[in-house]
Amino acid sequence: MKNELLSSAEQKLQEDVFEILKRTQHVTTHEYRSDVRMSLDCLVCRSAFSALFELIRAGASDDDLIRSLSNICVLLGIESYNVCSGAISLNLNIITYIIRNTPEATPRNFCGLVLQRSDNPNFCSYNDSRFEWQVELPQRMQSANVPTPVIDQSPLTVAILTDAHIDPLYEAFGVAQCDEPTCCRKGQNLRPSSDIVTDGSEVENSVIRHGDSVLLNLGDVPKIKEIRMRNSMKAQTRYVEPAGYWGDYRNCDTPRWAFDDLIERMASTHKFDVVYYIGDTIDHGIWETSYELIDEIHQYLISKMRTTFGKDVLIIPAIGNHESQPTNQFAPMSVTEPKLNTTWLYEGLTKKWDPYLTEEAKASLRVRGGFSRLVRPGLRAISINTNVAYKYNWWLVYDPLEMKRHLEWLVQELHGAELAGEKVHILSHIPPGVHDLAHVWTREYNRIVNRFSSTIAAEFNGHIHSDEFKIFYSTVEPKSPINVAWGVGGATAYTNYNLNYKIATFNPPTYAPQSIKTFIYNLTEANLTPNRRPHWFQLYDMKNSFGVKDLSAQSMDDLLQRMVTTERNLLDLYVAYVPKLSDTRWPYCNNNCKLDNVCRIVTTVLWQREKCDQLQLLYSNTNT
C-alpha cells in the first residue's frame with residue numbers, strides 16, 4: 001500500500017505471499033468456514049489496517065488511499081475492483097476520521113469486531129477496556145405495587161414484516177449469477193466459470209500458527225498454483241438460469257412488484273389493527289448506495305403501506321442496518337459533521353413516519369433512531385436501534401459507550417412502562433445473542449430482559465431473513481425460561497429464502513402472543529408463471545403446527561426439549577420452516593445444521609453456549 005517495495009520484493013509479495021492469502025472466490029460468493037481461512041482473514045485485516053494507519057499519519061490523500069486499498073482488495077480476491085473501490089470510497093472518510101480522532105482505535109479493534117465469530121471469543125481478539133461496561137437496573141417492583149391501568153379489552157391483531165430489501169435495479173430474466181455481491185440487477189455480467197476454482201482447502205497445510213502469529217510456508221506455493229490451475233482448467237462454460245420474475249434464491253433482492261404484491265396480499269387477505277415493520281428497506285448493493293436512493297426507497301415503502309393498508313392502520317417501524325449511508329454506519333449524536341453524521345437519516349425517517357408518531361416519539365427518533373409509543377391503553381411498543389452495536393458499524397471503535405446510552409434509554413422506557421402497569425412489545429432489527437452484535441450489548445440486553453421479563457410481553461426481530469425464535473432464560477437457578485424473541489423472517493429471497501410475512505394475535509391484559517401464523521409463496525413455483533401473481537399460502541401456525549398449548553417461554557422450552565429427544569420429527573419440521581421451505585436450503589440441512597439451529601434458539605448472550613452444549617449432548621445421548 002505504501003508503494004515502497006523494491007520490484008523484486010513486490011514480485012515476491014504478489015506471486016507467493018498473495019497466492020496463499022488470496023481467496024479463489026469472492027467473499028460474497030462463498031463463505032469459507034475453516035480455521036485456516038479465518039486466520040488468514042485476521043492476518044490480512046490487521047496488516048491492511050496497520051498500513052492504513054501509517055499512510056494516514058504520513059499524510060496520504062484520500063485518492064491514494066482508495067487506490068491502494070482497492071488494489072489490495074482485488075489482489076486478495078476479496079471482490080472486483082468496481083465493488084472494492086465503491087465500498088472503500090463510501091466508507092473511507094468515516095474510518096480516517098475515527099483513526100485521526102480516537103487514540104484507542106487500533107487495527108486489532110477494527111478487525112476483532114468485523115471478524116467476530118459466534119463460536120470463539122478468542123479469535124482475532126482485541127483488548128479494549130472501553131467495551132466493558134454495565135447498565136444500571138432499577139430495583140424490582142413488588143407485584144402488589146404494580147398498577148392496573150385502563151385496558152382496551154378487545155383482541156389485537158398485528159401484521160409483521162421485515163427486510164423488504166427493495167431493489168429498484170432488479171431486472172427480471174437478467175443475470176442471477178453475476179460478478180458482484182448482489183445480482184439480478186440491470187447492466188450486470190455473468191460471473192465467469194473460471195472464477196470458481198477451489199474451496200480454499202489447498203492452503204490448509206501452508207499456514208502455521210506460532211503463538212499469536214501466523215506463518216506462511218512459501219515453499220508450498222508451486223503446489224497451490226498447480227492445484228488452482230488444474231481446477232480452473234476443469235471449469236466449463238455452463239448455462240445459468242436467468243433471474244426469476246418474482247425474485248430469485250441467489251444473491252438477489254426484492255423486485256418492487258414482488259414487494260407490492262406482498263403488501264396487497266396482506267391487505268386483501270387479513271384484517272389487522274397494527275403493522276410492525278422491523279427494518280432493512282434498502283438493497284444489498286452496498287458499494288453504490290446514495291442518499292437520494294435511500295430517501296426514495298424509504299418513501300416508496302411507507303407510501304405503499306399507507307395507501308394500501310389505509311390511514312387508520314397504525315404502522316410501527318424499526319431501523320435496519322441497511323437504512324444508512326454508507327450501509328451499517330450509525331454515528332453517535334456527538335458527531336455532527338456532514339457525510340459523517342446519522343442525523344440526516346433520523347430526521348428523514350421522522351418526516352416519513354410522521355403520521356404514526358407522537359411528538360415525544362419524534363423527539364426520541366431524531367436523537368437515537370429509536371422511540372416508544374402506546375399502541376393502545378395497556379400496551380406500549382418500543383422500537384430500539386440495535387445498529388449502534390452492529391459489528392460492521394465502524395463507529396463502535398470511536399465510542400463504545402454509545403451502545404450503553406441506547407440501552408440506558410431502553411431501561412428508562414421499560415421502567416416507565418412498569419410503573420404505569422403497561423405491557424411492552426420490543427421491536428429490534430438485529431436479534432439478541434448473534435455474532436453480529438458486540439458481546440457487551442448482548443450480555444447487558446440479556447440482563448435487561450431478565451429484569452423486565454414480567455413487563456416485556458413479546459419481542460420481534462429481523463435481519464437474518466430466516467424464520468427463527470430465541471428463548472431467554474433466567475440468570476439465576478434454576479435458570480427457567482422467561483421470554484421469547486420471535487424472528488420475523490424476511491420479505492426478500494436474499495439468499496436462498498422464500499419471502500414471508502406473519503400475522504399475530506394478542507389478548508389483553510397480558511398481550512403475550514396467542515397465535516403467530518407465517519405466510520409465504522414458493523419462488524420456484526411463482527417463477528414458472530411470471531404473468532400470474534404468486535400463490536400465497538399459510539406455511540404454518542406456530543401453536544397448532546408444533547402442538548404447543550400456548551406460546552409462552554415455558555411452552556417453547558418444552559417444545560425444544562421434545563425436539564432433541566422424543567419427537568425429532570418436530571426438529572425436522574422446524575429446520576424446514578426456518579428457511580420457509582426454500583427449495584435451495586432446507587433439503588440440505590443435515591444433523592450438524594439441525595443442531596446449529598437448536599443452538600441459535602438458546603443463545604441470547606454471545607459466546608454463552610452452556611445451554612447449547614447441554615441440548616447437543618441430550619440429542620446425542622437420546623435413542624430414537
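The values are calculated or read from the model by the stated rules, or taken from the named source; none is laboratory data. All of these numbers come straight from a predicted model, not from anything done at the bench. Backbone-built Cβ (ideal geometry, glycine too); neighbour counts: all protein chains shown. SASA here: full protein model, heavy atoms, side chains in, ligands and nucleic acids out. Shrake-Rupley method; radii C 1.70, N 1.55, O 1.52, S 1.80 Å.
Taking the options ASN82, ASN91, ASN109, name whichever one is in a helix (DSSP H, G or I), in contact (Cβ under 8 Å) with a residue 24 or more places away in the chain and open to solvent by 60 Å² or more (accessible area, probe 1.4 Å).
Numbers: ASN91 fails: open to solvent by 60 Å² or more (accessible area, probe 1.4 Å); ASN109 fails: open to solvent by 60 Å² or more (accessible area, probe 1.4 Å).
When all the criteria are applied, what remains is ASN82.
Cβ contacts < 9 Å: first residue of a type in the set (Lys, Arg), restricted to the stretch 394-411; second residue at pLDDT below 95, any location; separation 6+ or different chain. Result?
ARG405/MET333
Within the stretch 417-424, is there a residue that is closer than 23 Å to THR342 by Cα and modelled with pLDDT of 95 or more? Please lay out each step first, then the result.
Initially, the stretch 417-424 is screened for residues closer than 23 Å to THR342 by Cα, giving none.
Within the stretch 417-424, not a single residue is closer than 23 Å to THR342 by Cα and modelled with pLDDT of 95 or more.
Would you check which residues across the stretch 418-435 are assigned to a loop (DSSP other than H, G, I, E, B), open to solvent by 10 Å² or more (accessible area, probe 1.4 Å) and either aromatic (Phe, Trp, Tyr) or within 18 Å of PHE371 (Cα to Cα) (or both) and list them?
GLU422
What residue, among those in the stretch 192-202 that are assigned to a helix (DSSP H, G or I) and touching a Lys or Arg at 6+ places or on another chain (Cβ under 8 Å), is modelled with the lowest pLDDT?
From the stretch 192-202, those assigned to a helix (DSSP H, G or I) are 193-195, 201-202; that's our starting set.
Restricting the remaining residues to those that are touching a Lys or Arg at 6+ places or on another chain (Cβ under 8 Å) gives 193, 202.
Working: SER193: 62, GLU202: 86.
Checking each candidate, the answer is SER193.
Just checking, does the stretch 347-368 include any residue being closer than 18 Å to PHE452 by Cβ, in contact with a strand residue (DSSP E or B) (Cβ under 7 Å, 6 or more places away or on another chain) and either among the charged types (D, E, K, R) or assigned by the TED database to the domain that holds ASN507 (or both)?
Going residue by residue through the stretch 347-368, those that are closer than 18 Å to PHE452 by Cβ are none.
Scanning the stretch 347-368 turns up no residue that is closer than 18 Å to PHE452 by Cβ, in contact with a strand residue (DSSP E or B) (Cβ under 7 Å, 6 or more places away or on another chain) and either among the charged types (D, E, K, R) or assigned by the TED database to the domain that holds ASN507 (or both).
Quickly run through the stretch 357-375 and pick out the residues that are open to solvent by less than 40 Å² (accessible area, probe 1.4 Å), out of contact with any Leu (no Cβ under 8 Å at 6 or more places or on another chain) and part of a helix (DSSP H, G or I).
ALA361, LYS362, SER364
Considering only the stretch 125-135, I want to know if a residue exists there that is surrounded by 15 or more Cβ atoms within 10 Å (Cβ to Cβ) and at pLDDT below 95.
Yes, the stretch 125-135 contains a residue that is surrounded by 15 or more Cβ atoms within 10 Å (Cβ to Cβ) and at pLDDT below 95.
Any residue that is part of a loop (DSSP other than H, G, I, E, B) and over 25 Å from HIS322 (Cβ atoms) - is there at least one of those in the stretch 483-504?
No, the stretch 483-504 contains no residue that is part of a loop (DSSP other than H, G, I, E, B) and over 25 Å from HIS322 (Cβ atoms).
Report whether or not LYS311 is crowded, with 16+ Cβ neighbours inside 10 Å, over 19 Å from TYR392 (Cα atoms) and of a type outside the set (Gly, Ala, Ser).
Working: crowded, with 16+ Cβ neighbours inside 10 Å: no; over 19 Å from TYR392 (Cα atoms): yes; of a type outside the set (Gly, Ala, Ser): yes.
Answer is no for this residue.
Quickly run through the stretch 142-163 and pick out the residues that are more than 28 Å from the chain's Cα centre (by Cα) and surrounded by 15 or more Cβ atoms within 10 Å (Cβ to Cβ). First the steps, then the outcome.
Filtering the stretch 142-163 for residues more than 28 Å from the chain's Cα centre (by Cα) gives 142-156.
Across the stretch 142-163, the qualifying residues are ILE151, LEU156.
Being on the phi > 0 side of the Ramachandran plot and not charged (D, E, K, R) is the filter here; which residues of the stretch 256-286 pass it?
Applying the first criterion (on the phi > 0 side of the Ramachandran plot) to the stretch 256-286 yields 279-280.
Scanning the stretch 256-286 gives a single hit, GLY279.
Can you name the condition, by its number, that VAL214 falls short on among (1) in a helix (DSSP H, G or I); (2) modelled with pLDDT under 95; (3) in contact with a helix residue (DSSP H, G or I) (Cβ under 7 Å, 6 or more places away or on another chain)?
The single condition VAL214 does not satisfy is (1).
Does LEU40 satisfy being in a helix (DSSP H, G or I), surrounded by 18 or more Cβ atoms within 10 Å (Cβ to Cβ) and modelled with pLDDT under 90?
Values: in a helix (DSSP H, G or I): yes; surrounded by 18 or more Cβ atoms within 10 Å (Cβ to Cβ): yes; modelled with pLDDT under 90: yes.
When the stated conditions are applied, LEU40 passes them.
Starting from the stretch 508-534, take each residue that is among the aromatic types (Phe, Trp, Tyr) and list its partners that are part of a loop (DSSP other than H, G, I, E, B), counting only C-beta distances under 6 angstrom and pairs at least six apart or across chains.
PHE519/TRP536; TYR521/PRO534; TYR521/HIS535; TYR521/TRP536
Applying the selection to the stretch 527-538, what residues are under 16 Å from THR269 (Cβ atoms) and not aromatic (Phe, Trp, Tyr)? Talk me through it step by step, then tell me what you get.
Here is the first cut: in the stretch 527-538, the residues under 16 Å from THR269 (Cβ atoms) are 533-538.
Matches in the stretch 527-538: ARG533, PRO534, HIS535, GLN538.
Please go through the stretch 577-599 and pick out each residue that is open to solvent by less than 50 Å² (accessible area, probe 1.4 Å) and either in contact with a Lys or Arg (Cβ under 9 Å, 6 or more places away or on another chain) or not assigned by the TED database to the domain that holds PHE472 (or both).
VAL578, PRO579, LYS594, CYS599
Residue under question is ILE448, and the condition is that it be hydrophobic (A, V, I, L, M, F, W, C), open to solvent by less than 20 Å² (accessible area, probe 1.4 Å) and in contact with a strand residue (DSSP E or B) (Cβ under 8 Å, 6 or more places away or on another chain); does it hold?
Numbers: hydrophobic (A, V, I, L, M, F, W, C): yes; open to solvent by less than 20 Å² (accessible area, probe 1.4 Å): yes; in contact with a strand residue (DSSP E or B) (Cβ under 8 Å, 6 or more places away or on another chain): no.
Taking the combined requirement at face value, the residue does not satisfy it.
Every residue, every condition in (1) open to solvent by 20 Å² or more (accessible area, probe 1.4 Å); (2) in contact (Cβ under 8 Å) with a residue 12 or more places away in the chain, yes or no:
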position	(1), (2)
SER206	no, yes
GLU226	yes, no
GLY247	no, yes
MET266	no, yes
HIS270	yes, yes
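Which is open to solvent by 50 Å² or more (accessible area, probe 1.4 Å) and in contact (Cβ under 8 Å) with a residue 24 or more places away in the chain, of GLU180, GLU171?
Among GLU180, GLU171, only GLU171 is open to solvent by 50 Å² or more (accessible area, probe 1.4 Å) and in contact (Cβ under 8 Å) with a residue 24 or more places away in the chain.
So, of the residues in the stretch 1-23 that are modelled with pLDDT of 75 or more and assigned to a loop (DSSP other than H, G, I, E, B), which turns out to be most open to solvent (accessible area, probe 1.4 Å)?
Within the stretch 1-23, the match that is most open to solvent (accessible area, probe 1.4 Å) is LYS22.
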